[in-house]
Amino acid sequence: MPLTFATAFEPAYGKAVPVAEGVLRLTANNPGPFTFHGTNSYIVGRDTLAIIDPGPEDDSHFNALVGAIAGRTVSHIFVTHTHRDHSPLTPRLKELTGATVLAEGTHRAARPLRIGEINPLDDSADIDFAPDVALADDELTRGDGWALRAIHTPGHTANHAAFALEGTGIVFSGDHVMAWSTSIVAPPDGSMRDYMNSLDRLLERDDTVYLPGHGAALEEPAPFLAGLREHRLGREAAILGRIKTGDRTIPDIVRAVYKDTDPRLHGAAGLSVLAHVEDLVGRGLVAAEGGIAIDGVYRIA
């Protein structure tokens, strides 16, 4: 099915917006081409709370969170992944509340760096983040009147996890699935094969609403997930087609495949093409001359 994005969203900076029973959303005032209107933090519970994704290091967002907590106990802080728009406020919030910090793990690349390779995404990573508890896949954490189940969803980052609010059909989907845009999958931090596998895993579930890291809620996510999968397969086919017709480098492929995309985003698009190419090389469909790299030369295997 065609992929249709929902771009209507009121961030209501500084205000706690009810988005489900016992769930509040606060959006940080950090808009941008990769954050949409800003990063969403969520408060779960009524008397004793969980915070999901405290957000960027920003005083106004921290103060808004403190105001929304309103003196209540915060027992847990969950982090979907360690990009600097999601996790850096965690230490300040932990110091204030004494909450236990839970996540899949620390920041890491999806694969080792190749010889001579420089990670272009280093500045976006919160490499100082360390959870108190590294959550296993499918691990359930119970709080006061709520329970959150970890769903490992690598792809956007190696340590990405979504959190299902048990008994409600709600999933906090982080940056893996967002209604306003596709997720960036950029090596070496991200992996297209992991991303596709994570989509397939979510498609096996019967959740009813996603609350993402950016933008509005996604109702009835299954058709959207199928559309995301179809979109990525379409990108893969387009990349293969360009290589078959003689485009040998990633910049050439980007200019053709992303011709309608803002040129300011072509750098990110190049990393997305690299993620697809890595996957295609791994499956034996494409060959890399001189190694896989953003400036590599590729041909059909």
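Structure notes:
- Restricting GLY241, GLY227 to residues that are modelled with pLDDT of 95 or more, over 12 Å from LEU3 (Cβ atoms), among the small types (Gly, Ala, Ser) and assigned to a helix (DSSP H, G or I) narrows the list to GLY241.
- For the stretch 92-150, the set of residues classified as farther than 30 Å from GLY22 by Cβ, of a type in the set (S, T, N, Q) and touching a strand residue (DSSP E or B) at 6+ places or on another chain (Cβ under 7 Å) consists of SER124 only.
- Against the list (1) surrounded by fewer than 23 Cβ atoms within 10 Å (Cβ to Cβ); (2) assigned to a loop (DSSP other than H, G, I, E, B); (3) at pLDDT 95 or above, the condition ALA64 fails is (2).
- For the stretch 273-294, the set of residues classified as under 22 Å from ILE118 (Cβ atoms) and not small (Gly, Ala, Ser) consists of VAL273, LEU274, HIS276, VAL277, GLU278, ASP279, VAL281, GLU289, ILE292, ILE294, listed by residue number.
- The lone exception for ASP128 - which of (1) over 27 Å from ARG232 (Cα atoms); (2) outside any loop (DSSP other than H, G, I, E, B) it fails: (2)
- For the stretch 75-119, the candidate set comprises residues that are over 24 Å from ASP58 (Cβ atoms) and not hydrophobic (A, V, I, L, M, F, W, C); within that set, the residue that is surrounded by the fewest Cβ atoms within 10 Å (Cβ to Cβ) is GLY116.
- Output for the stretch 232-255, where each listed residue is over 16 Å from ILE300 (Cβ atoms), surrounded by 14 or more Cβ atoms within 10 Å (Cβ to Cβ) and out of contact with any Gly (no Cβ under 7 Å at 6 or more places or on another chain): ARG232, ARG235, ARG255
- Checking the stated criteria, GLY246 turns out to be more than 30 Å from ASP53 (Cβ to Cβ) and either in a helix (DSSP H, G or I) or small (Gly, Ala, Ser) (or both).
- Identity of the residue in the stretch 135-146, assigned to a strand (DSSP E or B) and in contact with a Leu (Cβ under 8 Å, 6 or more places away or on another chain), that ends up surrounded by the fewest Cβ atoms within 10 Å (Cβ to Cβ): LEU140
- Residue in the stretch 276-291 that is in contact with a Lys or Arg (Cβ under 8 Å, 6 or more places away or on another chain), in a loop (DSSP other than H, G, I, E, B) and not β-branched (Val, Ile, Thr) present: yes
- Output for the stretch 160-178, where each listed residue is surrounded by fewer than 23 Cβ atoms within 10 Å (Cβ to Cβ) and either within 19 Å of SER75 (Cα to Cα) or touching a Gly at 6+ places or on another chain (Cβ under 6 Å) (or both): ALA164, GLU166
- Put simply, of GLY290, GLY296, GLY215 the only residue that is on the phi > 0 side of the Ramachandran plot, touching a strand residue (DSSP E or B) at 6+ places or on another chain (Cβ under 7 Å) and modelled with pLDDT under 95 is GLY290.
- Test result for ASP128, in the same structural domain as VAL171 (by TED's automatic domain parsing), surrounded by fewer than 19 Cβ atoms within 10 Å (Cβ to Cβ) and modelled with pLDDT of 95 or more: yes
- Residue in the stretch 273-288 that is out of contact with any helix residue (DSSP H, G or I) (no Cβ under 8 Å at 6 or more places or on another chain) and touching a residue at least 40 places away in the same chain (Cβ under 8 Å) present: no
The values are calculated or read from the model by the stated rules, or taken from the named source; none is laboratory data. Note that this is a predicted model, so its numbers are computed, not measured. Positions of Cβ are backbone-derived with ideal geometry, glycine not excepted, and every protein chain shown enters the neighbour counts.
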